[in-house]
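Report on one structure; see the data block that follows.
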Amino acid sequence: MHADSNIYGTGLSPEYVDLAAEVLGILSDPTRIRIVLALRQSDELPVNAIAEIVGKKPSGVSQHLARLRMARMVTTRQQGTSVLYRLTDEHALALVLEAIKQAEHAVANGQIPPHHYAPPQ
C-alpha cells in the first residue's frame, strides 16, 4: 500500500524529496538568501527597502520576490499603495541559517566555526 513511501529509507514520499530539491534550488541564489535575511530583521518591508538592504535594483528584487512568493516562502500585504513583503513562516529562514552554518564549516579550515561561539538564534 505505501511501499513507495519508504523508497529513501526515511518514510518520506518521493514527491516531498523532489519538492525539497525545488525549495533548495529557489534558495540557492545569493540575492534570495539576502532577501530572506533582510525580512528576518524587519517583520514587513516594501520592495524599495529590501532592494536597498540587499544592494540590488528594485526591479531585480521584485523578480526574486515573485519567485519566493510563488514558492510560498514570502507573502504580501497591501498598505495603501505599497506592497509589504514578509516571510510566510520560519522555515525558509531556518534553511538559510543552517546553510550559512554549513558554509562556515566549509571555510573553517579545521577551526571551530563562529556559530559554535554564538548564542542560539
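When a/c is below 1.5 the answer is rounded, else prolate if a/b is larger than b/c, else oblate, so apply that to the stretch 3-107 with a ≥ b ≥ c taken from the square roots of the Cα gyration tensor eigenvalues. Intermediate values should be presented prior to the final figure.
Details: a/c = 2.57, a/b = 1.70, b/c = 1.51.
Verdict is prolate for the stretch 3-107.
Sort 106-114, 47-55 by the packing proxy (mean of other Cβ within 10 Å over each peptide's residues), most packed first. Walk me through the numbers before you get to the answer.
On the way: 106-114: 9.9, 47-55: 17.1.
The packing order, highest mean first, is 47-55, 106-114.
Hey, could you grab the Kirkwood Rh for the stretch 8-63? Inverse mean 1/r over distinct alpha carbon pairs, Å, one decimal.
Working: mean 1/r = 0.0777 Å⁻¹.
Mean inverse Cα-Cα distance, inverted, gives 12.9 Å.
Lys/Arg Cβ at +1, Asp/Glu Cβ at -1, dipole of the stretch 3-107 taken about the Cα centre: which of Ala51, Ile26, Leu39 is farthest positive-ward?
Ala51
Find how much the distance from Ala108 to Asp29 grows on full extension, using 0.36 nm per residue of separation minus their present alpha carbon separation; answer in nm with one decimal. Write out the running numbers ahead of the final one.
On the way: separation 79, 0.36 × 79 = 28.44 nm, distance 2.22 nm.
Using 0.36 nm per residue and subtracting the Cα-Cα distance, I get 26.2 nm.
Throughout, read-outs are computed from the coordinates displayed, never taken from laboratory work. Not measured: the values here are computed from a predicted model. With ideal geometry, Cβ positions are generated from the backbone for all residues, glycine too; neighbour counts draw on all protein chains shown.
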